[in-house]
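**Student:** My questions all concern the structure below.
The values are calculated or read from the model by the stated rules, or taken from the named source; none is laboratory data. As the structure is a computational prediction, the values presented were derived from the model and not from experiment. Glycine also receives a Cβ, built like all others from the backbone with ideal geometry; neighbour counts cover every protein chain displayed.
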Amino acid sequence: MLILGLNGGADSVFDSSFGLSKNAYHDTASVLIQDGSVIVGIEEERLNRIKHTNKAWVLSVRFCLEEANKSLTDIDYIVVYFNQDVLNRILKQEQLNNPLLIEIGNPHKLFEHLFFVSLSFA
């Protein structure tokens, strides 16, 4: 089983489309775990050079996949550091101020948007 773990915000380096709290997300990172063992992991700041970055894990995901010679289609699960109830509550609160988040709707669609639209991993 191959698991991709994610920590961090949702905006790309030169973007603040989502406007999620800058204080709630920092030290963005990605890790690949295969059959219970970490095979590769890296903090986004090592690649984008923004100390304690709260930006999306674009470079760190790509790095992990390349180092492990894997693609997104090889991933069995993608995990984040929040549970669904917390993510739903955060999105509902942020949707009041951001029409883009209203269109996205829920955490599953948010991550789908990040992977397949914003990050061009399709």
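**Student:** Given the conditions (1) surrounded by 13 or more Cβ atoms within 10 Å (Cβ to Cβ); (2) more than 15 Å from the chain's Cα centre (by Cα); (3) touching a residue at least 60 places away in the same chain (Cβ under 8 Å), which single one is not true for ALA56?
**Tutor:** Looking at each condition in turn, ALA56 falls short on (2).
**Student:** What single numbered condition from (1) modelled with pLDDT of 90 or more; (2) of a type in the set (Val, Ile, Thr); (3) touching a Leu at 6+ places or on another chain (Cβ under 6 Å) fails to hold for VAL58?
**Tutor:** (1)
**Student:** May I pose another question? Only residues in the stretch 24-37 that are on the phi > 0 side of the Ramachandran plot count as the first member; pair them with residues that are at pLDDT below 95 and assigned to a loop (DSSP other than H, G, I, E, B), Cβ under 9 angstrom, at least 6 apart or cross-chain, and list the lot.
**Tutor:** ASP27/GLY8; ASP27/GLU44; ASP27/HIS52; ASP27/THR53; ASP27/ASN54
**Student:** Further question: Could you list, ordered by first residue, the pairs with Cβ atoms under 6 Å in which the first is in the stretch 97-122 and over 19 Å from GLN84 (Cα atoms) and surrounded by fewer than 18 Cβ atoms within 10 Å (Cβ to Cβ) and the second is of a type in the set (Ser, Thr, Tyr) and at pLDDT below 75, at least 6 apart or interchain?
**Tutor:** Cβ pairs passing all conditions: LEU100/SER17.
**Student:** Can I ask one more? Step by step: first the residues of the stretch 30-46, then only those that are farther than 23 Å from LEU101 by Cβ and either under 14 Å from the mean Cα position of the chain (by Cα) or surrounded by 17 or more Cβ atoms within 10 Å (Cβ to Cβ) (or both), then the one that is modelled with the lowest pLDDT. Which residue is that?
**Tutor:** Step one: filter the stretch 30-46 for residues farther than 23 Å from LEU101 by Cβ, giving 31-43, 45-46.
Then drop every residue that is not either under 14 Å from the mean Cα position of the chain (by Cα) or surrounded by 17 or more Cβ atoms within 10 Å (Cβ to Cβ) (or both), which leaves 31-33, 40-43, 45.
Working: VAL31: 95, LEU32: 97, ILE33: 97, VAL40: 97, GLY41: 95, ILE42: 94, GLU43: 91, GLU45: 84.
So the residue we want is GLU45.
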